[in-house]
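Below is one structure, written out as structure tokens; comments come after it.
The values are calculated or read from the model by the stated rules, or taken from the named source; none is laboratory data. On a predicted model such as this, the values are computed, not experimentally measured, just so you know. FYI the Cβ positions are ideal-geometry reconstructions off the backbone, even for glycines, and counts take in every protein chain you see. All accessible areas refer to the heavy atoms of the entire protein, side chains included, with ligands and DNA or RNA removed. Shrake-Rupley method; radii C 1.70, N 1.55, O 1.52, S 1.80 Å.
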Amino acid sequence: MNIMRVYFDNNATTRLDDRALEEMITFYREKFGNPNSAHGMGIEANLHLEKAREKIAKILGVSPSEIFFTSCATEAINWIHKAVAEVFEKRKRTIITTPIEHKAVLETLKYLSLRGFRVKYIPVDSRGVVKLEELERMIDEDTFLVSVMAANNEVGTIQPIEEVVKIVKKKNKEILVHVDAVQVIGKIPFSLERLNVDYASFSAHKFHGPKGVGIAFIKKGAPIRPFVHGGGQERGLRSGTQNVPGIVGAAKAMELAVENLESTMKHMERLRRKLAEGLRKLGAHIITPLDVSLPNTLSVSFSNLRGSTLQNLLSSHGIFVSTSSACTSKDENLSHVLTAMGIDRRIAQGAIRISLCRYNTEEEVNYFLEKTGEILSFLGINENNRR
Ligand SMILES: *Cc1c(COP(=O)(O)O)cnc(C)c1O
């Protein structure tokens, strides 16, 4: 009997693309020079570092001088929010965000709120989409930064970023906008070229690149200050020897992630639809708004079964999914995202998140549905007591 290993947790992290790994190995084994060294090996490493930066900039539709490498998206997010807050500290104090951001944003802003900044949260509707009229109403004289994610990691909801930027800049073009774009690469088309945002954050390990590489986009002229101080790498803004193998792998992975995006999206969407239909038949409640979400993300709930219980049982069958969020809100263990969406408590408690990637197959989807059906029967959660 072959035991399958089904990885359905791609919004948490992804498998490194073999072709990215292949490129990286050379930079560990042979071209391992410090890109900041003045000798041949340093120059060689630097050349590849800058090539990677150019590749990423081109894909994102920006200039290479606007791309900075960090250790992860969390670092990029901390850096941008804290630096911008420091710049405005004496003049303005209000930051606007959403209640469904990743903890990297929410916790950074909580830290800033303890230091005298005011954080306002744009309400979201039941799909998790920000209410644009509310945003418009919230922006005031004291606002200097608006931070909204491009797509949510838990339920997959895509935000109307273009409209958000338009509303903000129309009110006051001095107000800066940050986009947490970690979840969109390789899932939906995304370009910074005409978006008019000032900052954006990305993470290589979310698009089949290596762990340990974050990418910060900082628009030319947008205020910024160094966060990690030291040898002055990354134009004096982010010191520390660059992770050349990781960065080369990140650029390769990003290139591969957008290469056949159309067909990747179709593939994931097809599997997701099959999962949604199959799970609905098993009595699941579909949380993800299928029409405004990433094609790879499906949040579902069996309201009479805890998400963590189902996660554990699936795990024992070699199937790996996430509960709605590892990061939970105060009491109850309820996800802050589902709470903000106004999802019923019982449904929120039962939520699991399935997140696909281009490597997942129909066979895996069938296996998942079969095992989930077996688990539900085993627990006595069958057709008859399904509500
Ligand atoms: C994973 C994730 C992050 C954090 O990325 P790391 O590189 O792991 O620090 C931030 N935002 C979103 C939306 C994410 O999904």
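For the pair L290 and T13 in one chain, pulling the backbone fully straight at 0.36 nm per residue adds 97.6 nm over the alpha carbon distance. The HN-Hα couplings worked out from phi for the range 259-276 by the Karplus form 6.51 cos²θ - 1.76 cosθ + 1.60 (θ = phi - 60°) are 4, 10, 4, 3, 6, 4, 4, 4, 4, 5, 4, 5, 5, 5, 4, 4, 5, 4 Hz, whole numbers, x standing for Gly and Pro. Packing here is the average count of other Cβ atoms within 10 Å per residue, and on that basis the peptides 300-307, 180-187, highest first, run 180-187, 300-307.
Taking square-rooted eigenvalues a ≥ b ≥ c of the alpha carbon gyration tensor, is the range 260-386 rounded, prolate or oblate, where a/c under 1.5 means rounded and, failing that, a/b exceeding b/c means prolate? Please list the in-between numbers first.
Details: a/c = 1.70, a/b = 1.18, b/c = 1.44.
Oblate is the answer for the range 260-386, as a/c is 1.5 or above yet b/c matches or exceeds a/b.
Amide hydrogen proximity for K120: with H placed 1.01 Å from N in the peptide plane, the residues at 5 or more positions away or on another chain lying under 5 Å are I95, I96, T97. 3J(HN,Hα) couplings calculated from phi for the range 112-127 with the Karplus curve 6.51 cos²θ - 1.76 cosθ + 1.60 (θ = phi - 60°) are, in sequence order, 5, 5, 6, 10, x, 8, 9, 10, 10, 10, 6, x, 10, 7, 5, 8 Hz; Gly and Pro show x. Between the residues G156, S191, G209, the greatest Cα displacement towards the positive end of the dipole of the range 146-209, with unit charges on the Cβ of Lys, Arg, Asp and Glu, is found for S191. In summary, the aspartates and glutamates within cross-link reach of K266, defined as a Cα separation below 20 angstrom excluding same-chain residues under 8 places away, comprise D9, D17, E255, E277, D291, E362, E363, E364. What shape does the chain take by its C-alpha gyration tensor, where a ≥ b ≥ c are the square roots of the eigenvalues and a/c under 1.5 counts as rounded, a/b above b/c as prolate, and the rest as oblate? Oblate, since a/c reaches 1.5 and b/c is not below a/b. One chain, two ends: A38 and R91. Fully extended at 0.36 nm per residue, the span grows by 14.9 nm beyond their Cα-Cα distance. Taking the alpha-carbon distance from K211 and a cut-off under 19 Å, which lysines remain once sequence neighbours fewer than 8 residues away in the same chain are dropped? Counting by Cα, and skipping residues close in sequence, K211 has these lysines nearby: K55, K103, K187, K252. The stretch between Y28 and E174, if pulled fully straight at 0.36 nm per residue, gains 48.2 nm over its current Cα-Cα span.
Note on the range 1-98: with charges restricted to the Cβ of Lys and Arg (+1) and Asp and Glu (-1), its dipole about the Cα centre is near 440 debye.
Take the Cβ atoms of E370 and N260, set R0 to 35 Å, and the FRET efficiency comes out at 0.75.
Calculate what fraction, in whole %, of the accessible area of the range 18-258 sits on carbon and sulfur atoms when a 1.4 Å probe is rolled over the protein chains.
On the way: 5090 of 9920 Å².
Looking at the range 18-258 in its full context, I get 51 percent from C and S.
Among DSSP bridges having both ends in the range 11-159, what percentage is antiparallel? Round to the nearest 5. Provide the component values of the computation, followed by the final result.
Numbers: 2 of 9 bridges.
The answer is about 20 percent antiparallel.
Relative to the Cα centre, what is the charge dipole magnitude of the range 182-335, using +1 at the beta carbon of each Lys and Arg, -1 at the beta carbon of each Asp and Glu, and rounding to the nearest 20 debye?
Details: 19 positive and 11 negative charges, 10 e Å.
Once rounded to the nearest 20, the dipole reads 40 debye.
Quick check for me: using +1 on Lys/Arg Cβ and -1 on Asp/Glu Cβ, what's the dipole size of the range 70-153 about its Cα centre, in debye to the nearest 20?
240
Cross-link partners of K166 among lysines, defined as those whose alpha carbon lies under 23 angstrom from its own and excluding same-chain residues fewer than eight positions apart: K92, K120, K131, K219, K220.
For the chain, with every protein chain kept in place, what is the accessible area per residue (1.4 Å probe, Å²)? Display every interim value, and only then the final one.
Numbers: 17000 Å² over 387 residues.
That works out to 44 Å² per residue.
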